[in-house]
Amino acid sequence: MRYAICSLSVVPVRREPSDASEMTTQALFGEIFKVLERRASWSRIRLHHDGYEGWVSNKQYLEIPAEQYTTLAKEKPVYCAQSVAVCKSAQQALPILIGSRLPGFENGTFVLGDQAYTFEGHTVSGKKPKSEIVRVARGFLGAPYLWGGRSFFGIDCSGFVQMCYRLCGRSLPRDAKDQATGGEVLSFVEEAEEGDTAFFDNDQGDIVHVGIVLSDHRIIHASGQVRIDTLDQTGIYNAQVGRYTHKLRLLKREK
């Protein structure tokens with residue numbers, strides 16, 4: 001088994017080993033993963049933080065020893081808490097995105113590979129109150145929708161919810177259908193609190209969308225962009241287009 005870390009700002013993780021293949025998620029700077037299979041140009045990986053699998057280019061990651069992977073897997077992660085920040089080494093000034101991990105971060109410094117970095121931006125670590133989920137979510141307002149995206153420059157609905165929870169020290173799966181399997185089911189919108197999750201299905205009954213509940217029958221979600229719309233027992237009502245855009249399936253409260 002080989003082990004690796006994302007050493008670039010953001011790396012596409014694809015369904016198949018091809019640049020033309022669908023991007024199903026992204027690896028952010030500092031995230032660790034196992035290399036399950038390595039070919040001439042592509043590797044099939046499994047991300048440590050959510051178990052998601054896909055293909056990445058062999059040019060876009062750095063292999064690390066098994067001992068370092070084990071250490072990083074056990075430590076309490078420290079994340080970049082700004083939409084964009086810069087970490088600096090003697091060789092480069094590297095932009096990183098919110099949710100990027102700073103491996104072994106201590107006193108403003110960390111080491112990745114053979115480079116020592118300094119980071120003077122805002123960081124976050126540990127479990128936060130539920131109210132913080134909403135504050136973090138509002139920081140993504142206006143971020144464009146991007147299938148498979150996980151950053152302010154492009155994010156999908158489940159990646160948005162997962163990231164907001166992650167920055168508050170709470171783990172969720174990557175996809176909406178899997179996020180819907182955990183937590184406590186709520187019967188009515190009126191029971192929901194800020195920071196709860198709402199899931200929506202299609203005509204076939206498949207869960208295809210998720211968002212974070214706000215107060216006053218509102219929801220923040222990624223649909224075209226990260227936006228706030230009205231939420232009721234029917235679903236999401238978009239006042240701009242004058243119709244319901246998503247059909248409510250269930251509400252959940254994560255523990």
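No value in this document is a laboratory result; all are computed from the given coordinates. Source: prediction; values computed, not measured. Neighbour counts run over all protein chains shown; Cβ positions are idealised from the backbone, glycine included.
Between segment 3-32 and segment 100-116, the alpha-carbon centres lie 20 Å apart.
Here the translational diffusion coefficient of segment 57-118 follows from Stokes-Einstein with Rh set to the Kirkwood radius across Cα pairs; for 25 °C and 0.890 mPa s it amounts to 194 µm²/s. Could you give me the percent of Cα pairs per 10 Å distance bin for segment 21-166, shortest bin first, beginning at zero and ending with the bin that holds the maximum distance? So the P(r) values, bin by bin, are 10, 39, 39, 12, 0. Taking Lys and Arg as +1 and Asp and Glu as -1, the other residues whose beta-carbon sits under 14 Å from that of LYS255 total +1. Calculated mean residue ellipticity, 222 nm, the chain: -3500 deg cm²/dmol, from DSSP H runs (n ≥ 4) at -39500 (n - 2.57) each, averaged per residue and rounded to 500.
The local environment of LYS76, defined by Cβ-Cβ distances under 14 Å, has a net charge of +4 under the rule Lys, Arg +1 and Asp, Glu -1. What is the helix-to-structure angle for 157-166, meaning the angle in degrees between its Cα long axis and the longest Cα principal axis of the chain, kept from 0 to 90 and rounded to the nearest 10? Once rounded, one gets 70 degrees. With N counted as the residues of segment 185-255, its alpha-carbon radius of gyration over 2.2 N^0.38 Å works out to 1.00. Dividing the convex hull volume of the alpha carbon atoms of segment 82-191 by its residue count gives 135 Å³ per residue.
Radius of gyration over Kirkwood radius for segment 130-253, both on Cα atoms: the Rg/Rh ratio is 0.92.
Using θ = phi - 60° in the Karplus curve 6.51 cos²θ - 1.76 cosθ + 1.60, the 3J(HN,Hα) couplings for segment 182-192 round to x, x, 9, 6, 10, 7, 9, 4, 5, 7, 6 Hz; x is entered for Gly and Pro. Cross-link pairs exceeding 20 Å in C-alpha to C-alpha distance, out of LYS74/LYS127; LYS130/LYS252; LYS76/LYS127; LYS128/LYS255; LYS34/LYS127, comprise LYS34/LYS127. For the chain, the Cβ-based charge dipole about the Cα centre amounts to some 420 debye (Lys, Arg positive; Asp, Glu negative; other atoms uncharged). When the chain is treated as a Gaussian network with alpha carbon springs shorter than 10 Å, the biggest mean-square fluctuation among VAL136, VAL241, VAL86 belongs to VAL241. Alpha-carbon geometry of the chain: the Rg and the Dmax are 18.6, 56 Å, given in that order.
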